[in-house]
1. Hey, can you tell me all the residues within region 26-63 that are over 15 Å from ARG7 (Cα atoms) and of a type in the set (Val, Ile, Thr)?
2. Is it true that LEU55 is surrounded by 11 or more Cβ atoms within 10 Å (Cβ to Cβ) and outside any strand (DSSP E or B)?
3. Based on this model, can you work out whether ASP79 counts as among the charged types (D, E, K, R), in a loop (DSSP other than H, G, I, E, B) and touching a helix residue (DSSP H, G or I) at 6+ places or on another chain (Cβ under 9 Å)?
4. Looking at (1) modelled with pLDDT of 90 or more; (2) open to solvent by 60 Å² or more (accessible area, probe 1.4 Å); (3) assigned to a strand (DSSP E or B), can you tell me which one LEU19 breaks?
5. Out of all the residues in region 32-91, which are among the aromatic types (Phe, Trp, Tyr), over 11 Å from the mean Cα position of the chain (by Cα) and closer than 18 Å to GLY17 by Cβ?
6. Quick check: anything in region 31-41 out of contact with any Leu (no Cβ under 9 Å at 6 or more places or on another chain) and either at pLDDT below 90 or open to solvent by less than 50 Å² (accessible area, probe 1.4 Å) (or both)?
7. State which residue is surrounded by the most Cβ atoms within 10 Å (Cβ to Cβ) when the search covers only region 69-89 and only residues that are among the charged types (D, E, K, R) and closer than 19 Å to ASN38 by Cβ.
Amino acid sequence: MKSIRIRKGNSLLKDDGFLFVKVSRIMNYEIVHEPLTNQVFMQIFLENNHEVIRLEKEMTLKEKNKFLQSWNLFIINLDYFFDLADFKRIE
């Protein structure tokens, strides 16, 4: 099944562990780039209990464009896995 991998906690330490979310559970998502701070914010809205997963990562405009291209290909293609583990989770 198609899924994304995110961190369980809000730290980038590897011992936080990971969580896999099936794409079928994602109802919607938003991706915003703040050019002044080079931050990319992503919100993933899940079907159950209207849960929202908030993520952030520092990216240049070029990195953001490459990320968006990869993300869009993941959404429309049959790729089964997308790694968002390098994003920090916002609680």
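The values are calculated or read from the model by the stated rules, or taken from the named source; none is laboratory data. Quick caveat: nothing in here was measured; it's all calculated off a predicted structure. Virtual Cβ from ideal backbone geometry, glycine too; neighbours counted across all protein chains shown. Please note that ligands, DNA and RNA were not included when accessible areas were found on the heavy atoms of the full protein model with its side chains. Shrake-Rupley method; radii C 1.70, N 1.55, O 1.52, S 1.80 Å.
1. Matches in region 26-63: ILE26, ILE31, VAL32, THR37, VAL40, THR60.
2. Working: surrounded by 11 or more Cβ atoms within 10 Å (Cβ to Cβ): yes; outside any strand (DSSP E or B): no.
Against the criterion (surrounded by 11 or more Cβ atoms within 10 Å (Cβ to Cβ) and outside any strand (DSSP E or B)), LEU55 does not qualify.
3. Working: among the charged types (D, E, K, R): yes; in a loop (DSSP other than H, G, I, E, B): yes; touching a helix residue (DSSP H, G or I) at 6+ places or on another chain (Cβ under 9 Å): yes.
When the stated conditions are applied, ASP79 passes them.
4. (1)
5. If the condition is that a residue be among the aromatic types (Phe, Trp, Tyr), over 11 Å from the mean Cα position of the chain (by Cα) and closer than 18 Å to GLY17 by Cβ, then PHE81 is the only one that fits.
6. Start the filter on region 31-41 by keeping residues that are out of contact with any Leu (no Cβ under 9 Å at 6 or more places or on another chain), which leaves 32, 34, 36-37, 39.
So of that shortlist, the ones also either at pLDDT below 90 or open to solvent by less than 50 Å² (accessible area, probe 1.4 Å) (or both) come out as 39.
Within region 31-41, one or more residues are out of contact with any Leu (no Cβ under 9 Å at 6 or more places or on another chain) and either at pLDDT below 90 or open to solvent by less than 50 Å² (accessible area, probe 1.4 Å) (or both).
7. Taking region 69-89 and keeping what is among the charged types (D, E, K, R), we get 79, 83, 86, 88-89.
Filter again for closer than 19 Å to ASN38 by Cβ, leaving 86, 88-89.
Values: ASP86: 11, LYS88: 15, ARG89: 19.
Taking the candidates together, the pick is ARG89.
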